[in-house]
Amino acid sequence: MKQPIRILLLLPFLFSLLCGLPSLEAAEKDAPEEWTFSTTPYVWFSGLNGTVGVKGHKARVSQSFSDILSTMDASGMLTFQGHKGKQYFFFDGMYLDLSDTGQISAGVFTDVGVTTTRLQAAWGVSVKEWESSSLHVFAGLRYWNLKNELTIRTASAPLRHFSDTESWLDPLIGIRFSTRLSPNLSFTAIVDAGGFGMGSDFTWGGMADFSWRISERTSLEIGYRYLYVDYEKDGFTMDAYNDGLFIGFTWKLK
């Protein structure tokens, strides 16, 4: 439980550190007075590392994001967000179907399949403004639907197969810091935490994103993302994290 405690302590520390910086009024002038919306389809080259369990049977998974193209069966990611004045909201959806194979002993293997559907939505408000930067705090919900599959087999035939699906909802809190590095380049960092025993035992994530403006309505997004979840119920286990680089394109709709 040391990791959840550290993350919970990190959120208020970052919040107090950023709020201690002097604020300027110029950022408030850049805030839109009417709602503006944008959407970002993206590809996350995500690895999976941790423990996956089905009906009490567990297996270790260790995939770096460099392995993901050979183990990813299907994926789809999309973000939608809006801004108005100091208000901010976002919706993020992800579907990821991964598989991996590990060796238990000589001639005996374990095939692991994990299908993840994750939806999250949150609303936030700006609590600090600088000349070209802003800090938001937000709260929301993260929905999980996971299907875990384990197949124990020899090189020629399956021995046993286990499959189970779990769904749950996690409360979520976090902070979002954005800054404009140049007229065409901006940087965003997000840290969030949730679960707290109400859904998963704990979940937390972080993201760093560089956005390069191509035109008035489009921009290229490149960054790194990390997402961890610790959930265990009735023999179903997901104690693992996804991490890796992502790339996407943002279109401003209004």
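Taking L135 and the conditions (1) within 16 Å of the chain's Cα centre (by Cα); (2) at pLDDT 90 or above, which numbered condition does it fall short on, given that it satisfies the others?
With respect to (1) within 16 Å of the chain's Cα centre (by Cα); (2) at pLDDT 90 or above, L135 is out only on (1).
Please state which one of T101, T79, T115, T110 is at pLDDT 90 or above, in a strand (DSSP E or B), closer than 30 Å to R153 by Cα and of a type in the set (S, T, N, Q).
The conditions single out T115.
If I ask for residues that are open to solvent by less than 20 Å² (accessible area, probe 1.4 Å) and not polar (S, T, N, Q), which ones from the stretch 210-223 would you list?
E221, G223
Would you point out the residue of the stretch 52-66, among those that are modelled with pLDDT of 65 or more and open to solvent by 30 Å² or more (accessible area, probe 1.4 Å), that is nearest to D209 (Cα to Cα)?
Once the filter is applied, the top-ranked residue is S64.
Report, by residue number, each residue of the stretch 117-138 that is free of Cβ contacts under 8 Å to residues at least 40 places away in the same chain and farther than 17 Å from G205 by Cα.
The answer is V125, and nothing else.
Select from the stretch 224-235 the residues that are of a type outside the set (K, R) and surrounded by fewer than 19 Cβ atoms within 10 Å (Cβ to Cβ) and write down the one among them that is nearest to the chain's Cα centre (by Cα).
Top of the filtered list is Y226.
Look at S75 and say whether it is among the hydroxyl-bearing types (S, T, Y) and more than 28 Å from K233 (Cβ to Cβ).
Answer is no for this residue.
Considering only residues of the stretch 195-223 that are under 24 Å from T36 (Cα atoms) and of a type in the set (V, I, T), which is nearest to the chain's Cα centre (by Cα)?
I222
Restricting the stretch 239-254 to residues that are among the hydrophobic types (A, V, I, L, M, F, W, C) and crowded, with 17+ Cβ neighbours inside 10 Å, which is farthest from K147 (Cα to Cα)? Give the derivation first.
Of the residues in the stretch 239-254, the ones among the hydrophobic types (A, V, I, L, M, F, W, C) are 240, 245-247, 249, 251, 253.
Now restrict to residues that are crowded, with 17+ Cβ neighbours inside 10 Å: 240, 246.
On the way: A240: 14, F246: 23 Å.
Going through the qualifying residues, I end up with F246.
Which one of these is farther than 19 Å from G206 by Cα and at pLDDT 90 or above: K84, K29?
K84
Checking the structure you have, find out if any residue of the stretch 121-130 is open to solvent by less than 20 Å² (accessible area, probe 1.4 Å) and more than 30 Å from W35 (Cβ to Cβ).
no
Of the numbered conditions (1) open to solvent by less than 30 Å² (accessible area, probe 1.4 Å); (2) over 15 Å from I190 (Cα atoms); (3) aromatic (F, W, Y); (4) modelled with pLDDT of 95 or more, F162 fails exactly one; give the number of that condition.
Just one mismatch for F162, condition (4).
Out of the residues in the stretch 138-159 that are open to solvent by 30 Å² or more (accessible area, probe 1.4 Å) and of a type in the set (S, T, Y), state the one that is modelled with the highest pLDDT. Walk me through it before giving the result.
Let us first name the residues in the stretch 138-159 that are open to solvent by 30 Å² or more (accessible area, probe 1.4 Å), namely 139, 141, 143, 145, 147, 149, 152-159.
Filter once more, keeping what is of a type in the set (S, T, Y): 143, 154, 156.
Details: Y143: 98, T154: 85, S156: 80.
Among those that are open to solvent by 30 Å² or more (accessible area, probe 1.4 Å) and of a type in the set (S, T, Y), it is Y143.
For S186, are the conditions met, namely being at pLDDT 95 or above, surrounded by fewer than 17 Cβ atoms within 10 Å (Cβ to Cβ) and of a type outside the set (F, W, Y)?
no
The values are calculated or read from the model by the stated rules, or taken from the named source; none is laboratory data. Keep in mind that what you see is a predicted model, and the values were worked out from it rather than measured. Positions of Cβ are generated from backbone atoms using ideal geometry, with glycine treated the same way; all protein chains shown enter the neighbour counts. SASA here: full protein model, heavy atoms, side chains in, ligands and nucleic acids out. Shrake-Rupley method; radii C 1.70, N 1.55, O 1.52, S 1.80 Å.
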